[in-house]
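These notes concern the structure reproduced below.
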Amino acid sequence: MKLNSRSKSSGQVIVLVIIVLALLGGAYWWLNSTKQQMAKEGQQFANELVQKIVVRRDLNFFASRLSPQARMNFAAPTAQQEFINEIGRHGAPVGQINVQGKIEFQSQFFEPHGTFQARINYPAEYAEINFTISHPVGRWQIDDIAFIPPRTQLGTAPAVPPAPAASPAPAASPESAASPESATSPGPAASSPAAGSSPGGG
């Protein structure tokens, strides 16, 4: 009887350990899956932010996604509008905007936040926009954002054509070196018959 009770008790302990390990494994899988999903959503929000603010210049989106601290940075009545106007002052971007950055977590699985940079190409210049985002409760928000004014693109200045090389003067030929008078005047051997006869000869 004692052996049976001990075997039964050991079997219950093993079953309990298996259940606990299964629960821990399931919890870890859920947390890791949620972390990956949150990181994916954060990257999508960063891309959406660039499209809505830089390309479409959506003031409503910008104002609604500012965090409380960021809203204090744009506390002036026209600060948000001026920020959007500054981006739009340079025209429409050229080509696709490449957003660089990643989502990190403050405590392994919780408190996600990310820092991103994007280069905005214009026809003859480029600008940059840097921002940080986080997801405290409910949805992603903008914690900080800055627009770096445009700078001239490298290689876009018109090339200055090189000055034409001075062509060498043509060498003077022997015939052309002689003066026209010397070429047309008779030589000393061609004396006239009158010069060779004496006057009144006979």
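Taking packing as the residue-averaged number of other Cβ atoms within 10 angstrom, the listed peptides 29-38, 52-61 run from highest to lowest as 52-61, 29-38.
3J(HN,Hα) couplings calculated from phi for the range 39-47 with the Karplus curve 6.51 cos²θ - 1.76 cosθ + 1.60 (θ = phi - 60°) are, in sequence order, 5, 5, 5, x, 5, 5, 5, 4, 5 Hz; Gly and Pro show x. The separation of the range 34-93 from the range 103-130, counted between C-alpha centres, amounts to 12 Å. Scanning residues 5 or more positions from residue 144 or on other chains, those with amide H under 5 Å from its amide H are 132, with H placed 1.01 Å from N in the peptide plane.
Around the amide H of residue 122, modelled in the peptide plane, lie the amide H atoms of 94, 127, all under 5 Å away and 5 or more residues distant in sequence or on another chain. R0 = 35 Å: FRET efficiency of residue 110 with residue 63, Cβ-based, nearest 0.05? After rounding to 0.05, the efficiency reads 0.80. Model label points for residue 119 and residue 9, set 7 angstrom from Cα along the Cα-to-Cβ axis, are 7.1 nm apart. If the label point is 7 Å along Cα→Cβ of residue 139, which residues in the range 66-101 have backbone nitrogen under 15 Å from it? Backbone N within reach: 66-68. Applying 1/(1 + (r/R0)^6) with r as the Cβ-Cβ distance of residue 79 and residue 29 and R0 = 41 angstrom yields a FRET efficiency of 0.35.
Values in this text are rule-based calculations from the coordinates and carry no lab data. Everything quoted here is computed from the prediction, not taken from an experiment. Positions of Cβ are generated from backbone atoms using ideal geometry, with glycine treated the same way; all protein chains shown enter the neighbour counts.
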